[in-house]
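K.L.:
Here it is: the structure, laid out below.
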């Protein structure tokens, strides 16, 4: 189904649902937004895992351009230069898992079901403390979101605690989403830019060094460069989409907070449907670039 037809069908169905359920407590739009947001947030793992990989790729290009270094030396230099990013990726995935778990819990509450979660997320904040990328504010946000999940499970929270959950969690959701967004928009984007330049330097160097003596190799080198450049561009596109996804989740959750006293209203249904459909479109576009990873 095309995205515009899907948008029309979803809107029509929800409008019909609102007419039929106007007298009921209906938080299905909250559930759908939370479910789509949790699925969308899981895309972040692709980016986090590529942080050390992007670092490795750029350092390999730089090392390969040095004719005096061995292949083993290339690998060793890249691994040494990128070890911090390996740790960072693991920490970021842990922090994102807290966000994903919260969004899934939000969907359960909106559906009037009990919350379940992986208790290991309670240890994520402690693991973040030894990384300079997360300051006390961000670590506190992760810690408090994990505590909210723990309280929801222990207290057997259901739909009647939905407002309380949104109210308690919103400041921390905004902090955590902004932290994840900044890593993509700044650190990951910078790594990809450097990777692209390193690839350009390496392949142009190969053409300059061997082009005159072995002209038949030039088209092959250009093709390798084209493939490397295309991969970087696709990852840059995926990064831009991830930033938009996180922005939309943050803004959508802020709207939940702003309207926490009327979460079952027609107004909130219509508002959340707009955010949900846009998120679905962004996830669809991201999926088309997944092969780049």
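K.L.:
Taking only Cα atoms, what is the 0 to 90° angle, nearest 10, from helix 3-20's long axis to the longest principal axis of the chain?
P.N.:
10 degrees
K.L.:
How far, in degrees from 0 to 90, does helix 266-287 lean away from the longest principal axis of the Cα atoms of the chain, to the nearest 10?
P.N.:
Roughly 20 degrees, rounded to the nearest 10.
K.L.:
Still on this structure, please answer the following. Quick one: angle between helix 136-154 and the longest Cα principal axis of the chain, in degrees between 0 and 90, rounded to 10, please.
P.N.:
On a 0 to 90 degree scale, this one is about 40.
K.L.:
If you don't mind, another one. Just rank 222, 134, fewest to most, by other beta-carbon atoms within 10 angstrom.
P.N.:
Listed from fewest to most nearby Cβ atoms, that is 222, 134.
K.L.:
Please order 61, 210, 102 by the number of other Cβ within 10 Å, starting at the fewest.
P.N.:
Ordered by Cβ neighbours within 10 Å, fewest first: 210, 61, 102.
K.L.:
Under the rule a/c < 1.5 gives rounded, and otherwise a/b versus b/c splits prolate from oblate, where does segment 29-186 land using the Cα gyration tensor?
P.N.:
Working: a/c = 3.23, a/b = 2.62, b/c = 1.23.
Here segment 29-186 falls in the prolate category.
K.L.:
What ranking of 225, 157 emerges when the number of other C-beta atoms within 10 Å of each C-beta is taken as an exposure proxy, fewest first?
P.N.:
By the 10 Å Cβ count, ascending: 225, 157.
K.L.:
Return the Rg/Rh ratio of segment 3-292 with Cα-based radii and a Kirkwood Rh.
P.N.:
Across segment 3-292, the Cα-based Rg/Rh ratio is 1.09.
K.L.:
Compare the peptides 161-171, 283-293 by average per-residue count of other Cβ atoms within 10 angstrom and give them in order, highest first. Walk me through the numbers on the way to the answer.
P.N.:
Values: 161-171: 18.7, 283-293: 14.5.
Result, highest mean Cβ count within 10 Å first: 161-171, 283-293.
Each reported figure results from applying straightforward, stated rules to the coordinates on display, with no laboratory input. Given the structure is predicted, the values throughout are model-derived calculations rather than measurements. Backbone-built Cβ (ideal geometry, glycine too); neighbour counts: all protein chains shown.
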